[in-house]
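Beneath this line is the structure, given in C-alpha cells, with notes to follow.
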Amino acid sequence: MPSLKDIKRRIGTVENTQQITSAMRMVSAAKLRRAQNAILAARPYAQKMYATLGEIGRRQTDAEHPLLQAHESQTVLEVVVVSSDRGLCGAFNANAMKMAERVIAERGPAFDKIVISTVGRKSAEYFRKRREVVRSWTGLANIGFADAVEIATHLSDRYQAGEIDHAVIIYNEFVSAMTQRSSFDQLLPLSAEDQIAEAGEATAMPFEIEPDATALLNVLVPQALEFSIYRALLENQAGEHAARMTAMESATRNTEDLIKSLTLKYNRARQAAITKELVEIVSGAEAL
Amino acid sequence: MPIDLTVVTPEGQAFQGDVESVVLPGIEGDFGVLTGHEVFMTSLRPGEMTVEQGSDRLLAALSKGIAEVHEDHVTVMVGSCEFAHEIDMERAQVAAERARKQLADFRATEEGEEAYQALQEKYSRAIARVSVSEKKKQ
C-alpha cells in the first residue's frame, strides 16, 4: 500500500504531464489550421496549372518531354518516403512505413534495385539500416514551395541522367482532423493522362502560343512534378498536426482518468489512516 | 480600361487587381501588356515583373512560369513571386553571389545540360531579386 505522500506525488506528476499534453494539443491545433490554409492557398495555382496542361495536351497529343517518357529498361526504383520529424503523433509514421513496405513489395520485384530517399527524421531512422538511402531531408518545418523544388530537382536530374527509371512518393493524406490516409503517387515518369484528367473539362482557349507548345511544356512538366511533391508535403504536414492533436487529446483524457482514480485512492488511504488513528485512540482509552 | 492581373503561386495568390500595364520577362524577351493586347500564352524566364497601378510602380522578382493574356485578363503562374518590399537585399546579394559561384564551379568541372540549366535559373532568379530591391531603393 503506497503511503499518502507517494500518492500525492504521483498525482502531481500526472498533472504535470497533463499540462504538457494539453498544451501540445493546442499548439497542434493552431499549426493544423495554418497547414490547412496552406493547402487551400495552393488551389488556384493547381487549377490554373492543370487547366493549362490539359489545354496543351489536347492540342498536342504527341506532347513530348523527358519526364513524361518511360525508360526502356526498368532497373532502379526510387521511393520517396515522407514522414514527420517528431513523434508523439500516434501511428502516423508507422502507417507511412507500412505503406512504403507494401509499395516496395508490390512494385519492387519488377526492378533490379530499390533506393529510398526520405523526408522527415522518422523515415530516415526507419530506413537507414534497412535499405539504401540516397538522400534525406530533415528539419522541414513549415513547408515551402522551395522545399518541393529541391526534391523535384533531385529526382528529375537523376531521372534524366538515367540513374533511376521510376519514382513514387509515399505520404499521409489529410482527410479530416480525425483521419489520415497513407497513400502513394507515382511521380516519374509523369503520366500525361493523369495530369490532363486532373484538369477536367476546361474551357477551350483560342490561344496563340509563343514560341511553341514544347517551350511551354518545358516549364509546365517540371512544375507539375514540383507541385505533386509540394501537395504531398502539405498533406503530410497537415496530417501530422492532426494526428498529434488527436493523440494528445486522448493522452489528456487518459491523464484525467488517472488523476480521478489516484484521487480516489488517496482519499481511501486518508480515510484508512484516520480510521486507524481513531481505533488506536479508542483502544488506548479502553485500556486505561 | 484597366487590365485585371492575377499572379498565382503554389503558396497562394501573390497579386490580384486592376492595373494599367504590366511588363513580364518572356522566354524570348520582356514584353509589356496594355489593354487590348492580343490573346496569347507564353512561358516566362526567371526575371523581373513591373506593374503600373495608378501612380504606383510595383516591382517583383519572378521565378520561371507561364503567362496567359486573355481579353484584358492577365494570369501569371509562377513558382514564386516576391515584391520589392518583401526582399531582404543583403540576403539576396549573398544568395546571388553563391549562385554565381556554383555556376562558375559547375562550368569548370562538370557537364550536364539539365543541372546547368537549373543552376542558371537559380542565378537569374537571384539576380532579379537583387535588381528589384536595388531599384526600389532609388
(message) Cut-off is 10 Å between beta-carbons; in what order do A:Ser191, B:Ser43, A:Ser22 appear when sorted fewest neighbours first?
(response) A:Ser191, A:Ser22, B:Ser43
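Viscosity 1.002 mPa s, temperature 20 °C: give me the Stokes-Einstein translational D for the protein assembly as shown in µm²/s, with Rh taken as the Kirkwood radius over C-alpha pairs.
Numbers: Rh = 24.9 Å.
Once the numbers are plugged in, D ends up at 86 µm²/s.
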(message) Suppose we keep just the alpha-carbon trace of chain B; what are its Rg and Dmax in angstrom?
(response) 15.7, 53
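Among A:Asp185, A:Asp257, what is the fewest-to-most ranking by other Cβ atoms within 10 Å? Mind dumping the intermediate values first?
Values: A:Asp185 16, A:Asp257 10.
By the 10 Å Cβ count, ascending, the order reads A:Asp257, A:Asp185.
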(request) Using a Gaussian network model of chain A whose springs link C-alpha atoms within less than 10 Å, name the residue from A:Gln47, A:Gln160, A:Gln271 with the highest mean-square fluctuation. (result) A:Gln271
(message) Quick check: the angle from helix B:89-109's long axis to the longest principal axis of chain B, C-alpha only, nearest 10 degrees?
(response) 50 degrees
(message) Between A:Ile170, A:Ile11, A:Ile151, where does the largest GNM mean-square fluctuation fall for chain A, given springs only between Cα atoms within less than 10 Å?
(response) A:Ile11
(request) Show the residues, 5+ positions off or on another chain, whose built amide H is closer than 5 Å to the amide H of B:Phe31. (result) B:Leu24, B:Gly26
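Only Cα pairs under 8 Å and at least 6 apart count here; give the relative contact order of the range A:50-149 as a rounded whole percent. Write out the running numbers ahead of the final one.
On the way: 111 pairs, mean separation 27.4, N = 100.
27 percent.
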(request) Give the distance, in whole Å, between the Cα centre of the range B:1-48 and the Cα centre of the range A:34-55. (result) 18 Å
(request) Output the pairs from A:Lys31/A:Lys260; A:Lys31/B:Lys135; A:Lys31/B:Lys64; A:Lys8/A:Lys122; A:Lys48/B:Lys64; A:Lys8/A:Lys276 with a Cα-Cα distance over 27 Å in this structure; if there are none, say none. (result) A:Lys31/A:Lys260; A:Lys31/B:Lys135; A:Lys31/B:Lys64; A:Lys8/A:Lys122
(request) In whole Hz, with x marking every Gly and Pro, tabulate ³J(HN,Hα) for the range A:23-37 from phi via Karplus 6.51 cos²θ - 1.76 cosθ + 1.60, θ = phi - 60°. (result) 5, 4, 5, 5, 4, 5, 4, 5, 5, 4, 4, 5, 5, 5, 4
(message) Quick query: amide H of A:Ser83 versus all other amide H atoms, modeled in the peptide plane; which residues come in under 5 Å with a sequence gap of 5 or more or a different chain?
(response) A:Val119, A:Gly120, A:Ser123
(request) Identify the GluC sites (Glu not before Pro) of the range B:47-91 meeting these criteria: DSSP loop state and at most 12 other C-beta atoms within 10 Å of the C-beta. (result) B:Glu71
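Can you show me the helix-derived [θ] at 222 nm for chain A, built from DSSP H runs with n ≥ 4 at -39,500 (n - 2.57) apiece and divided by the number of residues, rounded to the nearest 500. Write down the numbers at each step before the final one.
Working: 7 runs with 178 residues, N = 288.
Mean residue ellipticity at 222 nm (helix-derived): -22000 deg cm²/dmol.
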(request) Normalise the Debye intensity by I(0) for the range A:30-245, one equal point scatterer per Cα, no solvent, then take log10 at q = 0.09, 0.11 Å⁻¹ and round to two decimals. (result) -0.37, -0.54
(message) Could you tell me which residue out of A:Val27, A:Ser261, A:Val133 lies farthest along the dipole of chain A toward its positive end? Charges go on the beta carbon: Lys and Arg +1, Asp and Glu -1, centred on the Cα centre.
(response) A:Ser261
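B:Gln93 to A:Asn267: FRET efficiency via 1/(1 + (r/R0)^6), r the Cβ-Cβ distance, R0 60 Å, to the nearest 0.05?
Working: r = 69 Å, r/R0 = 1.15.
FRET efficiency, B:Gln93 to A:Asn267: 0.30.
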(request) Enumerate the amide H contacts of A:Val115 below 5 Å, restricted to partners 5 or more residues apart or on another chain; note that Pro and chain-start residues carry no placed amide H. (result) A:Leu77, A:Glu78, A:Val79
(request) Could you go through the range A:41-58 in sequence order and give the Karplus-derived ³J(HN,Hα) for each residue, using 6.51 cos²θ - 1.76 cosθ + 1.60 with θ = phi - 60°, rounded to whole Hz, and x for Gly and Pro? (result) 5, 7, 4, x, 5, 4, 4, 4, 5, 5, 5, 5, 4, x, 4, 5, x, 5
(request) Tell me, rounded to the nearest percent, the portion of alpha carbon pairs in the range B:3-84 spaced more than 16 Å apart. (result) 42 percent
(request) Pop out the ³J(HN,Hα) list for the range A:122-127 in order, Karplus 6.51 cos²θ - 1.76 cosθ + 1.60 with θ = phi - 60°, rounded to Hz; leave Gly and Pro as x. (result) 5, 6, 4, 5, 5, 8
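Every number in this text was worked out from the coordinates using simple rules, so none of it is lab data. Please read these numbers as outputs of a predicted model, since none were measured by experiment. Quick reminder, even Gly has a Cβ in these numbers, built from the backbone with ideal geometry, and neighbours come from all protein chains shown.
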